[in-house]
Amino acid sequence: MPDGEVTNNPTPAPTAALAAMRQRSPSLWSPSDERSRSLLEARLADIAGTIRGLGVSEDLVAEGLGMAELARAYDAFESPRCDPLPGSFAVVVPSRATPNFLRSAPSPFIDAETARSLWEQMCPFVVDRYSTAEGEAGVVIGCPLWPIPDAEAHSSEATARTSRMLTDAIDFAARRFGARVIGLGSDLSTLAALPPPHEFIAQQGVALTAGLAGSSWLLSRVVSGLGVDLGDVGTLGMGPGGAIVLRGLLACEGVGTVHVFDNDRRRRVEVASQYSGFPRVRLAGSVTEVLSRCAVTVSTTTTLLDSDLDAVDLAGRWIVDHSPSPRVDPHPVESRGGRICWSIGQDGSPHRTATKQGGGAMSIDLDLRTAAPDHIWGWEAEAHAIALACDAADRTLSSMDPRDLPRIGALIAAMGTTVAPLQRFGELI
C-alpha cells in the first residue's frame, strides 16, 4: 500500500506493532489490579495511534475498538443517579466473551495480550434488560472477567481480582438500579460465598442468590421430558452445582440409578462417603463409563468434553450440558449419533417480566444466548421468582441449602416458568 493511503478494510492483527507499542510505554501497559477509566482511555488512545499508523481509517479504528460503547458503559457506571428504569432484580453474568474490540483473539485490530490489558480496566455494564410491567423490571449486568489459566485459578491474586470485580458488579446493580434481589449467573454462582461479595451484600441489605436451585429445578424437568428410559442417568462433575443436580435427579420421577463421576479424586471420595447407604447412587470409574451406560448424562463439569467422546457409541443418547458455561461441543456428539441440549426455561409470567428486551450499553456475546428473548436460564428464573413471587422474609432463601430447594422450585413454578423447546447455542433442536 502506498505511503499515506488509508484503507477501510480490516488488516491482520498488527502483533509486532502492538508489542513495540507496549515496550515503548511500560508504565502505561504494566499489569494493574486497579480499574481506571483514565487508564483504559489512555491505552485505547495508544492503540488507536498505532493502528492509524498502519493505514487504518479513523472511523474503522473507533468502531473496531468499541470506543462509543465503552464510553456509554463507564458513563452509566460512574453516574450518581438512579437509572430511569430501576430494577426489581438483577442478574450478574460473567463477560469472558468479548465486545467489538475483543470479538476474537487475535482480532483484526489487537492481539490477545493487548486485549487482556484493556479488559482488566473495564467496568461492569448493562448487557440486557427484561420487560417492565407495573413498576417491576430486571436488568442483566456484565461482570468483566478474563479467563484465568488453571495454574492461577486458586491463587490469592486471582481470587482477590475476581472478588473485586464481582463486588463492583453487585454494587452497580444495587446502587444504579436499586435491585432488591441479585442473582449470580453462569459460573459466578460458585463465587457466592467469597467473603468480599458476601459481606458487601449483607451491608447493602439485598438478597443474593446463586441460581443453583433454579437451575436444578429446571434441569429435572428437562430430563423428565426427553422421552427416554431414565433407569440409568449419569452426572459428570460434583462441584457445588453438581451436588445439587444429584439431589434433584434423585427426586426426579422416573429416574432409577444415578451414575456419578468427577475427575477430582477428593470429590469422588466425598460422594462415596456421603452416599454409601444410597443404592440408587453409583460411583463410576470414568467419563466413558458414564456416557456408555446412561441414556441421559448431565454434564456439570468446568472442563471440555472432547477426547472422552472418542471411544463412546452415543447413538440414541442425550447429553444435557448443564455446566456453568457450555462445555460440550455438539458436533462430535451429533456425529456419533448422540444428541445434546441445554436446560433452558421459558418465561410464562403474567407480564413476561423475565423476557429480555435489549437495550444494553455494549454489544456482548456471552456465549449464553438462548433461542428466543423469553427463553431463560435457571439462574434467571430463580432471581426473577425470589424478587417478584415472595415476601421479604423469603428473600433469605439459599440456593446452597438443600432445605430451600423445594420452596425455590415452587416459587419459580408459581411465576409460570416452564421448559423451553430443546436447544443449544441459541438454536432449536
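The values are calculated or read from the model by the stated rules, or taken from the named source; none is laboratory data. Here the structure is a predicted model, which is why all the values come from computation and not from measurement. Cβ: placed from backbone, ideal geometry, glycine included. Neighbour counts: every protein chain shown.
Worth a mention:
- Cross-chain or 6+ apart pairs with Cβ under 6 Å, segment 278-290 first and closer than 18 Å to Leu314 by Cα and assigned by TED's automatic domain parsing to the domain that holds Arg267, then loosely packed, with under 15 Cβ neighbours inside 10 Å and at pLDDT below 95: Thr288/Ala311
- Subset of segment 225-264 that is part of a strand (DSSP E or B) and of a type outside the set (A, V, I, L, M) - its residue that is farthest from Leu291 (Cα to Cα): Thr257
- Counting only residues that are assigned to a helix (DSSP H, G or I) and touching a strand residue (DSSP E or B) at 6+ places or on another chain (Cβ under 9 Å), segment 203-216 holds 2 of them.
- Checking segment 30-39 against the condition returns a match, with at least one residue being in contact with a Phe, Trp or Tyr (Cβ under 8 Å, 6 or more places away or on another chain), on the phi < 0 side of the Ramachandran plot and modelled with pLDDT of 80 or more.
- Flag for Val228 being in contact with a Phe, Trp or Tyr (Cβ under 7 Å, 6 or more places away or on another chain) and either buried (at least 24 other Cβ atoms within 10 Å of the Cβ) or at pLDDT below 90 (or both): no
- Residue that is surrounded by the most Cβ atoms within 10 Å (Cβ to Cβ) [pool: residues in segment 293-335 that are within 22 Å of Gly248 (Cα to Cα) and small (Gly, Ala, Ser)]: Ser299
- Some residue of segment 303-310 being in a loop (DSSP other than H, G, I, E, B) and modelled with pLDDT of 85 or more: no
- Only one of Ala17, Ala48, Ala42 that is of a type in the set (A, V, I, L, M), within 30 Å of Thr167 (Cβ to Cβ) and either modelled with pLDDT of 85 or more or in a helix (DSSP H, G or I) (or both): Ala42
- Looking only at segment 75-105, and only at residues there that are surrounded by 21 or more Cβ atoms within 10 Å (Cβ to Cβ) and modelled with pLDDT of 80 or more, the one that is nearest to Met122 (Cα to Cα): Phe77
- Scanning segment 20-39 for residues that are in a helix (DSSP H, G or I) and touching a Lys or Arg at 6+ places or on another chain (Cβ under 9 Å) yields Leu28, Trp29.
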